[in-house]
Amino acid sequence: MPFPGDSTRSARAECRPVSDSNPSASFRLAPRHWLALAVSVLPLLLYASFSIREGDLPLYFRTARAFLDGATPNRDFRFEYPPYALLWFVPATWAGGDLRGFILAFGLQLTLFDAFIKWLLLSEGVRRWGTSWRAWAPLAAYFVVSWVQSVHYLKRYDVIPAAFALAALVALMRRREGWAGVALAVGTVTKLYPAVLVPLALAVCWRRGAKPTRALLLGLVAGVLPLVPLSLVWPWWQFASFHVERGLQVEAFTAGLLWAAHQLGFADVRWVHAPASYELHGAAAEGVRAVTRQLWVAGSLLAAAVSVRAAWRRPPVTMEDLSRLALVPLTAFVILNPVLSPQYLIWLTGAAALALLSGRVGPSVVLLVAAAITRGLFAGSTYSKGFQPPYTLLLLVRNAMVLGAGLAWARETWRWGNPGVAERLEAKDAPAPTPQA
């Protein structure tokens, strides 16, 4: 189903977007698109097949192997992830047999999800811009960033919930509200963070009427319904207690500031290898962690409210509009989090790539560069013992870039929710009228 009316808010006279009045064939991928898609996936496929790095993959294998051997998660062994995550580990464990086979099978599985994300990005680009060069922007940007991040992109499972979150946004914009609800639910029960998009999705559907809202809610219910019988045999909700007990992870925004203060002699903290990550410990770290948690909750709720306000007052009309609205709560959830593992930026890069389709591209470029330079935190650093000053500076710059992009999107979203300001901006950015013959 086509979009409900693409705006030409940021189009230029020489590069106009495809309109919904064009034949549906205009939106189909040509052979050159499929070739580019295959080429974009090939480097990650080779990396997944031949890389000797393991990342968190041994942990996934051990938990799935225990499950297949009859053990119950959170009774016989600790399972620190939401319940659907285990379902993604089991097929590769069963197919791979041993750890090496699992690493290969799981890497191939992640590559399929990567291909799905890139297909969505390219499809939306072609749908929006047809044969224009700008149709390639989301795919090209995501390809570069995902390849640079490959050391954790294919060694964690975050690509899976990222694919579901991006699919939910695309389905929502294409008015497939039921599928959007299913994707949001499955993504949430896989990694939790897509839940921050539910208020935005509800606001968009509520403005469309009772039927779209009902479809979204039914999709959400269908996606979480398997949790009911699962609760009878598996105390899956206990995964939350593990995360409540986590400390201040070293890459978090406030942790970076605290570590810099430590290196300058203003704070006394320790760099400790905790069960799930490296954390800062000590009295100062405990105090900062408490404040960070409060800031995280309050900031995430405020960001969700800003996006809901904008969607309610002025519903999004293009994919990039919805992407920017979604990036406000997503970025707040990531940058204010007391835990900011490097793979968390994967949650943002798909929507940031879609936001390149029109309008201001600066925040998206900043976010994508921040995701790419995250790799530098591990290149030759003493991550296991504590960042040296150059890496601390890189961490501070990376986090400042993410925060800056989030604030820019929040400001733009606030103005988007003000019809008077938005209309003036649209008139300012609209292309000059084409002279009539």
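The values are calculated or read from the model by the stated rules, or taken from the named source; none is laboratory data. Just so it is clear, the structure is predicted and the values come from calculations on it, not from any experiment. Glycine also receives a Cβ, built like all others from the backbone with ideal geometry; neighbour counts cover every protein chain displayed. Accessible surface is based on the protein model in full, side chains and every heavy atom, while ligands, DNA and RNA are left aside. Shrake-Rupley method; radii C 1.70, N 1.55, O 1.52, S 1.80 Å.
Per-structure values
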read-out	value
Accessible surface of the stretch 329-379 [probe 1.4 Å, protein heavy atoms]: carbon and sulfur percent	74 percent
Estimated vicinal HN-Hα couplings, Hz - the stretch 34-47 in sequence order (Karplus 6.51, -1.76, 1.60; Gly, Pro = x)	5, 5, 5, 4, 4, 5, 5, 8, 4, x, 6, 5, 5, 5
Protection proxy ranking of 177-185, 321-329, 404-412, 268-276 - average other beta-carbon atoms within 10 Å, highest first	321-329, 177-185, 404-412, 268-276
Protection proxy ranking of 123-134, 229-240, 347-358 - average other beta-carbon atoms within 10 Å, highest first	347-358, 123-134, 229-240
Accessible surface, per residue, of the chain when the full set of protein chains is kept, probe 1.4 Å, Å²	42 Å²
C-alpha long axis of helix 159-173 to longest principal axis of the chain, angle in °	20 degrees
Total lysine pairs whose alpha carbons fall under 24 Å of each other in the chain (8 or more apart, or interchain)	4
Folded to 0 to 90 degrees: helix 57-68 orientation relative to the chain principal axis, Cα	80 degrees
Quotient of C-alpha Rg and 2.2 N^0.38 Å, computed over the chain	0.99
Accessible surface of the stretch 236-327, 1.4 Å probe, proportion on carbon and sulfur as whole %	67 percent
Between helix 83-96 and the chain: long-axis angle, C-alpha atoms, 0 to 90°, nearest 10	80 degrees
Calculated P(r) of the stretch 237-367 - Cα pairs past 26 Å, %	34 percent
Within the accessible area of the stretch 81-162 (1.4 Å probe), percent carbon and sulfur	77 percent
Tensor-based shape of the stretch 168-242 (alpha-carbon gyration tensor, a/c under 1.5 rounded, otherwise prolate or oblate)	prolate
Sorted peptide list for 199-209, 155-165, 380-390, criterion being average Cβ within 10 angstrom, highest first	155-165, 199-209, 380-390
